[in-house]
Each structure stands twice: as structure tokens, then as C-alpha cells.
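The values are calculated or read from the model by the stated rules, or taken from the named source; none is laboratory data. Treat the numbers as computed from the prediction; the structure is a model and nothing was measured. We place every Cβ from the backbone using ideal geometry, glycine too, and count neighbours over all the protein chains shown. Note: accessible area is taken over every heavy atom of the protein model, side chains too, but ligands, DNA and RNA are not part of it. Shrake-Rupley method; radii C 1.70, N 1.55, O 1.52, S 1.80 Å.
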Amino acid sequence: MPNLAELLMQVDAHRDEIIALEQELVRIPSVNSGVMPTGNETEVCLAVQRCLAREGIPCEILESAPGRGNLIARLPGRSGNAALMFMSHTDVVPVEDESKWRHPPFSATIDDDRIYGRGASDCKGLLTAQIMAMILLKRSGVELADDLLLASGADEEHGGRYGFGWLAEHHPDMIAAPFAVNEGGGVPVKVGQGFAYVLGTGEKGRLQVEIDIRGASAHASVPWRGDNALYALSQVLSRIEEYEPERDTSAEVFRHLSDLAIEHLATASNVDEIIAELQTKNPSLASVLRALSRMTVTPTIVRGGVKSNSVPETVRLTCDVRTLPHQDETHLREELGRLLDGIPGVDFQVDYMAVPNSSPFETDFARRIRQATASALGLEDVQMIPSISTGFTDSRFTRSLGTVTYGFTGAHPEDDPALTFAHGTNESIGIKSLLNGTGVMLALAYDMLAAR
């Protein structure tokens, strides 16, 4: 059986194969609009199933609805029990304007050592790395003490109802493992002349707020006979733009600022000063700390009006809200009540999309991810800090099942994370990050599962 160093050499040796697999997956437009029928995730699952079948790795596709496949693969070990799960998702967000893209969004074009395409970084790059890690373990004849699971879900981009949420409810035994690694972390941040990796230990909560504004209709030629709901909307938007949520530094990352070369102890009263000081030196870190020190309320969709010559009677404003772990729906309702107080004809509804969730940071599993990352990079050690993801992932479903789940993709420290543009125009993944991620997954699985 090869040792870890010999195994990691296989990553560079199979560079072209890794890139080709990523391109194949990106070229499948598994776009999730959020409105059924949508997703087309089964086609991605079938491509992965064919790939794994060539290696003799068993793989199942469980459809929660027609076309909405969830992939479960298993590399068996002696015990027959899974000890580690690789997690990812197969759906991608829609493309708003293809003409703005540097390359067609489903072309998987290679340019300047990056692969461009919707889903290249979110989340088909991680899926590719995990598939290839599993394949290289099998090809190299590594005997496992325990099973390695690979689970890639549908519908992550719209809440996971047809993906990990469905699996957790209907097939929890299929995704049962004590430890899992998923998206939501694994990006290096600058620290002085060096870097530190962010380990995703938890997530902010996500709620959707529908604010309804009611006026009175009239002919647009005599607008004073009506009550234009758009004018009240402008007040609502101004209030949201000017809203200053309470500052909070209870997230675990604020207890590790010294590891990021930040001398000050962060408090609710000085966190904005710390962020402002970081803004010019490390804007990416400043953005993370800003998000993790407050609740955010962001207007995203406006619907209203029925005809261009009619005063609109009703307008609906949709807002995305991200809460800190200790902030519940009651807290949000109180804040919205104060925010909208005094504006006539306004009420709101709150819909929970994801509750805040977390796994502990000080674990042996975290240490193993840290060592696997160092091994993949050829270093003695790497620095790692805990962080709460500003977005939500499928990790909340596995954490609720008792699985210690971390977000970690293993991006390469020489790859600029600002170039990934996840969910945006020109989404891409650096080939160095794709290869390094494969190495991290390979080293982690070897360390945790290989029979000794």
C-alpha cells in the first residue's frame, strides 16, 4: 500500500483527468431556478455514476422528484461502517446575463489557469476533488478500515428540500457518518506575510421577509386620487438602507483575531473600527468580520403594479435576512417592527429558510483537516481559524443528525479567492485550487480511514 507522499504524487500525475472531470460536470447546466420543474441534477449524478462505475465504485441515485437526483457513493472498508463523508451539491444558480461573461457560462473554458463556468467553484469543483480523491484511493489499492461516503445533493441553492433535507428525512441511514466535510470554508486569508485557512464551523441563519405595502389605485393621469404604494416603498427602502443593527462579537472567530495579526480585542463598541482598519489592508477579511458581527437585512426583489397608466395599489418587497446564532425569529420581528414603525399600509411575513447551526472547533477532526491541508501543500503545518459562513449550506442537515460537519474546500493560497465570483458573472475556479482541494480530500481520507 502506498504511503501518503506517494499517494499525493498521484494528484499531479492525474492533473489532466481532474481538469477534464471538472469540465464535464460544469458543462451540464443543472440550473436551479427555485421553481419546479428545475434542477436537472440527475444528469450530473449519471455522469458521476458512469465515472465511478469505471473504477468499480458502487453508486446510487435517489430521486426526490423527477430529474432531482441525489448521489450516494461508497468506498467500502473492513468494518462496513462509514467514518467520513464527503459532501457537495450538484445544482447551480441561474445565469442572469450571458453576454456579460468572459466565456460562455457552461463552456468550462480554460483561461489563465482557471476554469470558467457556472458552478465551477460552487460547487462542482469540490465535487470533482472529492470524486478524484475517492478514485485515487481505489486505484492505488489503499485498504480502508472504515467506509468513505460521497454524497452530493440536489437543490442546495434553494434550501435543500429536494436534496439533503429530503435525504435527512427519508434516508438518514444513507448519509450516516460521524464526520463530514462540505463547502462553506477552506479559503486562505492573508495574515501578515503569511496566510491562515478559514474552517467553516457554522452558519448564520437565513430568513426570507415579505414586506407588503398597500395604497389605493387610481388612473395615472390623476394620481392624487389614489395612494401610490411605491412612495411608501421608497420610505421602507430608505429605512432599510439606514438600518444599523446591533453589533455582536460572540462568534468564535473574534476570539482568534490574534491569529490573524489583529492586536485589539474585539467588542461591540470597537468592531467597526477594527473592520475599517482592515478594509484597505485585507478587504476580504474585513468583509467576513463585518458579516459576522451583525444581522443583515437586504432588499432583493420588488413586485408591484399592474399597468403603466394605473397607480399601483400594492407592492411586495422581498428581503434576505441573515441572523447570528443567538438571534431568532422573535428578535427579527422586533427589529422589523421598529424599522417599519410609522409607515402606513405596511405589514410583513417571515419565512425561515435555515436556522443557525454549528459544530465545535476544538476537535481531533479539525486537527486532521489542518494536517491534511499541510500535507497537500508540502508544509509542516498551516494556521486555521474557525468561522461562521455568511450563507447557508447543506451542513445544517447533517449537523442536526449529529454529524460533526466542517466547511473546507482547500483552495490554494496562491489563488485569489476574489476571482471565483461564486453566484456571479465569470464564476471560475483556479486549477491550483482544484488540484490542492483534491490533495486535501485525499490526505484527509487516507489519514482517517486507511487500515494500519
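Quick notes on this structure:
- Estimated dipole of segment 52-178 in Debye, rounded to 20 [Cβ of Lys and Arg +1, of Asp and Glu -1, Cα centre]: 360 debye
- Among the trypsin sites (Lys or Arg not before Pro) in segment 298-348, those located in a DSSP loop and surrounded by at most 13 other Cβ atoms within 10 Å of their own Cβ are Lys307.
- Residue among Asn282, Pro299, Thr267 farthest towards the positive dipole end of segment 260-318, charges placed on Cβ: Pro299
- Amide proton proximity set for His423, modelled H, under 5 Å, gap of 5+: Gly119
- Within the chain, the selection of entire DSSP H helices by a Cα span of 24 Å or greater along the long axis and an average Kyte-Doolittle value of at least 1.0 returns 431-449.
- Among the GluC sites (Glu not before Pro) within segment 258-351, those in coil by DSSP and having at most 12 neighbouring Cβ atoms inside 10 Å are Glu263.
- Vicinal HN-Hα couplings computed from phi for segment 89-102 (Karplus, 6.51 cos²θ - 1.76 cosθ + 1.60; Hz; Gly/Pro x): 9, 9, 8, 10, 7, x, 9, 7, 9, 4, 5, 7, 7, 5
- Amide H contacts under 5 Å for Phe348: Asp212, restricted to partners 5 or more places along the chain or on a different chain, H placed in the peptide plane at 1.01 Å from N.
- In the chain, helical runs assigned H by DSSP with n ≥ 4 each contribute -39500 (n - 2.57); averaged across all residues and rounded to the nearest 500, the mean residue ellipticity at 222 nm is -9500 deg cm²/dmol.
- When +1 charges are put on Lys and Arg Cβ atoms and -1 charges on Asp and Glu Cβ atoms, the dipole computed for segment 179-299 relative to its Cα centre reaches about 220 debye.
- Within segment 53-129, trypsin sites (Lys or Arg not before Pro) in DSSP loop having at most 16 other beta-carbon neighbours inside 10 Å: Arg54, Arg78, Arg102
- Long-range amide H partners of Leu199 with built H, under 5 Å: Gly186, Ile385, Ser387
- In this structure the chain gives 43 Å² per residue of accessible area when probed at 1.4 Å with all protein chains present.
- Computed lengthening from Met174 to Asp112, 0.36 nm per intervening residue step minus Cα-Cα distance: 18.3 nm
- Net charge dipole size for the chain [Lys, Arg +1 and Asp, Glu -1 on Cβ; Debye, nearest 20]: 400 debye
- Take every Cα pair under 8 Å whose residues are at least 6 apart in sequence, average their separation, divide by the length of segment 121-178, and the relative contact order is 21 percent.
- What a 1.4 Å probe finds exposed on the chain is 50% carbon and sulfur by accessible area, rounded to a whole percent.
- Largest first, the extents of the alpha carbon coordinates of the chain on the three principal axes equal 83, 53, 42 Å.
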